[in-house]
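Note sheet for the following structure.
The values are calculated or read from the model by the stated rules, or taken from the named source; none is laboratory data. These numbers were taken from a predicted model, which means no experiment stands behind them. In this analysis, Cβ positions are derived from the backbone assuming ideal geometry, glycine residues included, and neighbour counts consider all displayed protein chains.
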Amino acid sequence: MRITLIAVGTRGDVQPILALALGLKAAGMDVNFATHGNFESFVTRHGLPFSPLAGNPQELIHTDVVQGWLAGGRNPIEFARHFVKIAENLVQDVTRDTLAACQGTDAIIFTALGAAAFDVGEAMNVPVMGAGLQPITPTRAYPPMLSPVDVQLGSLANLLGHHAMLNLFYRPVAHHIKKWRKELGLKPHGFRGPFKRLYQERMPILYGYSPSVLPQPSDWPDWHRVTGYWFLDELQTWQPPADLLDFLAAGPPPVYVGFGSMSPRDPAMATEMVVEALQLAGQRGILLSGWAGLNKADLPDSIFQIDAAPHDWLFPKMAAVVHHGGAGTTAAGLRAGVPTVTTPFFSDQPFWGQRVRDLGVGPAPLPQKRMTAKRLAATMRRAVTDPGMRQRAAAIGAAIRQEDGVATAVSYIRNYLAQQ
């Protein structure tokens with residue numbers, strides 16, 4: 001059985017899918033992994049075949065549209081409209097690369113932004129399955145991701161909002177998908193796009209997050225499953241540098257600050273703000289540079305900068321973690337059992353930040369466009385000193401560590417494919 005996994009997005013989107021792919025390989029399946037070229041070495045060093053997909057998500061984040069929105073000038077609906085517009089050419093290239101990557105496969109697993117795989121699977125007459133890190137299945141239980149986090153909707157409004165969000169992202173590329181399906185010899189979708197058919201054909205969607213963090217709604221179909229997080233642990237291949245070990249041993253647990261694949265418009269100013277916030281909060285800090293470009297040559301002795309470190313090694317050693325609220329980083333922070341401070345930029349980040357607050361394992365989200373050193377310091381201070389918050393974070397972490405999301409997903413995939 002040869003399975004092709006299509007992963008479109010940033011490192012936080014790709015890494016959990018890679019963990020799922022490795023789980024499938026360990027279960028005896030022949031796995032091919034397709035993602036962007038900048039992740040090729042990341043995939044191949046884990047021993048998986050690699051197929052390239054067009055595009056570089058880091059470059060997309062640096063476009064004027066995205067950076068302008070990060071500065072606070074656009075609402076979520078306008079952002080979605082502009083984001084899909086600038087991504088349209090990328091969608092066309094990824095679509096054709098997806099077809100090439102899936103040649104000779106027996107089944108396809110794809111992420112939401114790689115949804116061209118649905119059409120490819122239909123054309124090739126092979127089973128397809130969705131793999132999500134964020135909930136997109138409509139439900140009455142909670143609002144869709146792009147809803148303002150401080151607005152409480154009723155159950156019917158929640159359900160309608162989910163459908164509206166799916167349509168919001170589908171409409172701008174509907175004409176491209178219609179043309180693409182014609183090239184594949186397929187009939188066009190109806191007005192609602194593929195979403196109605198996903199239900200009619202009972203296409204499975206597996207969600208790689210913890211039911212301890214966001215339980216599966218009772219109104220979901222039983223072929224949409226929350227499995228638990230898909231963690232890719234890299235402790236066996238990584239050794240911490242001596243100066244990092246020395247810093248950790250030299251004082252109380254520090255606060256981690258990093259924005260993952262997100263990139264502030266002015267990294268130097270962001271660094272100054274983070275440094276000031278740590279000092280105002282009276283905390284030692286670990287400052288991650290990463291894609292955000294955070295850098296400062298003359299940091300105080302109380303702050304240590306690193307380019308990268310495995311979250312599963314680093315986060316349990318922290319007093320708290322401060323990050324953008326992406327799905328992958330949120331998962332790692334929650335599993336570590338320490339309080340979380342989210343500073344969301346856009347997309348699903350406010351959603352996960354709100355979930356952190358609702359679980360009582362971190363303060364309310366502090367959006368990047370509202371961040372000041374004083375506000376950031378206050379949220380850090382609360383995360384470190386609130387005993388109830390620390391207890392709840394430890395309990396959530398313990399629950400997540402008892403789960404095996406990869407094993408649960410692999411078992412479902414094997415059973416489903418055996419019945420096809």
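What the table below lists for this structure:
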| quantity | calculated |
| --- | --- |
| The listed residue being surrounded by fewer than 18 Cβ atoms within 10 Å (Cβ to Cβ), in the same structural domain as residue 127 (by TED's automatic domain parsing) and touching a Pro at 6+ places or on another chain (Cβ under 6 Å), out of 187, 182, 196, 178 | 178 |
| Failed item, numbered, when residue 394 is tested on (1) more than 13 Å from residue 322 (Cα to Cα); (2) small (Gly, Ala, Ser); (3) in contact with a strand residue (DSSP E or B) (Cβ under 6 Å, 6 or more places away or on another chain) | (3) |
| Residues being outside any helix (DSSP H, G or I) and not charged (D, E, K, R) - total across the range 330-388 | 21 |
| From the options 361, 384, residue that is within 25 Å of residue 19 (Cβ to Cβ) and not polar (S, T, N, Q) | 361 |
| Considering residues of the range 139-182 that are of a type in the set (Ser, Thr, Tyr) and farther than 16 Å from residue 115 by Cβ only, the residue farthest from the chain's Cα centre (by Cα) | 155 |
| Residue check for residue 321: under 22 Å from the mean Cα position of the chain (by Cα) and part of a loop (DSSP other than H, G, I, E, B) | no |
| Matching option when the condition is in the same structural domain as residue 24 (by TED's automatic domain parsing), of a type in the set (A, V, I, L, M) and surrounded by 14 or more Cβ atoms within 10 Å (Cβ to Cβ), among 378, 393, 409 | 409 |
| Sole residue being in contact (Cβ under 8 Å) with a residue 40 or more places away in the chain, charged (D, E, K, R) and touching a His at 6+ places or on another chain (Cβ under 9 Å), chosen from 355, 335 | 335 |
| Entirely in the range 111-186, the helices (runs of 4 or more DSSP H) that have 3 or more residues that are touching a residue at least 24 places away in the same chain (Cβ under 8 Å) and hydrophobic (A, V, I, L, M, F, W, C) | 116-124, 155-170 |
| Number of positions in the range 93-150 that are crowded, with 23+ Cβ neighbours inside 10 Å, out of contact with any strand residue (DSSP E or B) (no Cβ under 7 Å at 6 or more places or on another chain) and among the small types (Gly, Ala, Ser) | 2 |
| Residue that is modelled with pLDDT of 95 or more, buried (at least 16 other Cβ atoms within 10 Å of the Cβ) and in the same structural domain as residue 254 (by TED's automatic domain parsing), where the choices are 363, 387 | 363 |
